[in-house]
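First the structure, in the form of structure tokens, and then the observations on it.
No lab work stands behind these numbers, since they all come straight from the coordinates. Given the structure is predicted, the values throughout are model-derived calculations rather than measurements. Cβ placement follows ideal geometry from the backbone for every residue including glycine, while neighbour counts extend to all protein chains displayed.
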Amino acid sequence: MLNHNKLEGLILAAGYSSRFNFMDSRFKKYFLKLNNSNILGYVIAGMIKTGIKKIKIVTSKIFNKLNYRKSILKSITQPWIDLKNLELDIIENKIPERENGYSLFLGLNTISSEYTILSMADHIFSKNIFSKMIKNYKNKDILLATDPMYKKGYYDKEDATKVYGENSFIINIGKDLKYYNRLDMGIFILKTKTIKKICNKVKSNFHKFGVTDVIISGLNSDLNVGYCDFPNTIWLDIDNYKKYRQLKRIFSKTSRFHPFGLIPTEYITFNTKNTEVNND
């Protein structure tokens with residue numbers, strides 16, 4: 001198990017949210033409401049619950065970094081979180097058209113810890129996948145959370161990144177794989193210095209590149225690239241309004257499922273009131 005002092009969080013949030021067609025182009029999908037918070041607020045709270053105290057967010061160009069940071073902190077509504085102990089840094093990706101691999105490059109260049117736990121800003125899980133990844137980590141250069149597809153889930157196979165893996169090692173990865181036995185869930189543990197070098201290499205060769213391209217380059221460089229299966233975890237990649245509606249339905253106040261296993265304050269109040277009524 002990794003020491004939390006050797007670990008920083010990195011969240012990639014520089015996408016255009018183009019499938020949502022927001023009237024205000026400055027609004028991002030990760031600010032969409034979820035219970036008394038929003039999508040990004042739950043991702044950050046999940047990391048904090050794991051013991052991570054330093055988190056970097058890579059976003060596209062913003063007009064006021066201070067206001068942006070305040071709005072993010074306001075969305076972290078879990079009552080047990082002490083924001084005074086959180087180091088939250090905002091990194092601007094001024095050329096987001098270079099895609100999320102370039103955001104990864106920018107983010108890793110600000111991280112000094114030995115390991116980085118990486119998350120997309122729009123992926124939500126029914127369990128605290130961060131803590132489980134840390135517990136299951138075993139000296140990999142890259143460890144990826146994967147869904148072995150034992151059960152029908154809410155994932156979109158057509159849109160998901162496919163993985164072919166054997167004996168805890170990733171053999172191949174990509175959106176267009178013909179043969180695959182897992183899906184990429186968008187959470188990684190990375191050896192920071194090692195992956196910085198890989199990112200630099202890929203950045204020099206490609207103008208546009210994704211996180212998947214970085215992993216493929218790692219595989220071609222004979223890095224130790226592994227996977228960790230999460231067969232019983234509900235997860236959604238919020239790419240459009242249909243997925244957002246599913247998200248709200250699955251993680252409603254009355255549901256037994258909660259984002260990252262974090263029970264919202266209003267859910268506790270709701271159930272306390274219900275219990276009192278039933279007891280009468």
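Things to note:
- Extension gain, ASN240-ASN181: 0.36 nm per intervening residue step, less the Cα-Cα distance, totals 18.7 nm.
- Prolate/oblate/rounded call for segment 1-131, Cα gyration tensor, a/c under 1.5 rounded: oblate
- Considering only alpha-carbon pairs that sit under 8 angstrom and 6 or more positions apart, the relative contact order computed for the chain is 24 percent.
- In plain terms, the residue of ARG245, ARG69 with the fewest other Cβ atoms within 10 Å comes first and the most crowded comes last, giving ARG245, ARG69.
- Computed helical MRE - 222 nm, the chain, DSSP H runs ≥ 4 contributing -39500 (n - 2.57), nearest 500: -9500 deg cm²/dmol
- Per-residue Cβ neighbour counts within 10 Å put HIS123, HIS207 in the sequence HIS207, HIS123, beginning with the fewest.
- Pairs beyond 24 Å (Cα-Cα), from LYS29/LYS191; LYS178/LYS203; LYS54/LYS157; LYS28/LYS70; LYS157/LYS196; LYS49/LYS175: LYS29/LYS191; LYS178/LYS203; LYS54/LYS157; LYS157/LYS196; LYS49/LYS175
- Cα gyration tensor category, rounded, prolate or oblate, for segment 128-226 with a/c compared to 1.5: oblate
- Ranking VAL225, LEU73, TYR241 by Cα position along the charge dipole of segment 4-279, where only Lys, Arg, Asp and Glu carry charges on their C-beta atoms, puts LEU73 farthest toward the positive end.
- Cα centroid separation, segment 216-234 to segment 111-171 (Å): 7
- Its Cα gyration tensor gives the chain an equivalent ellipsoid; the semi-axes, largest first and in whole Å, are 29, 22, 19.
- Given charges at beta-carbon only (K, R positive; D, E negative), |dipole| of the chain in Debye: 360
- Relative contact order computed over segment 140-216 (Cα-Cα under 8 Å; 6+ residues apart), in percent: 36
- Taking every DSSP beta bridge that has both ends in the chain, the antiparallel portion is near 50%.
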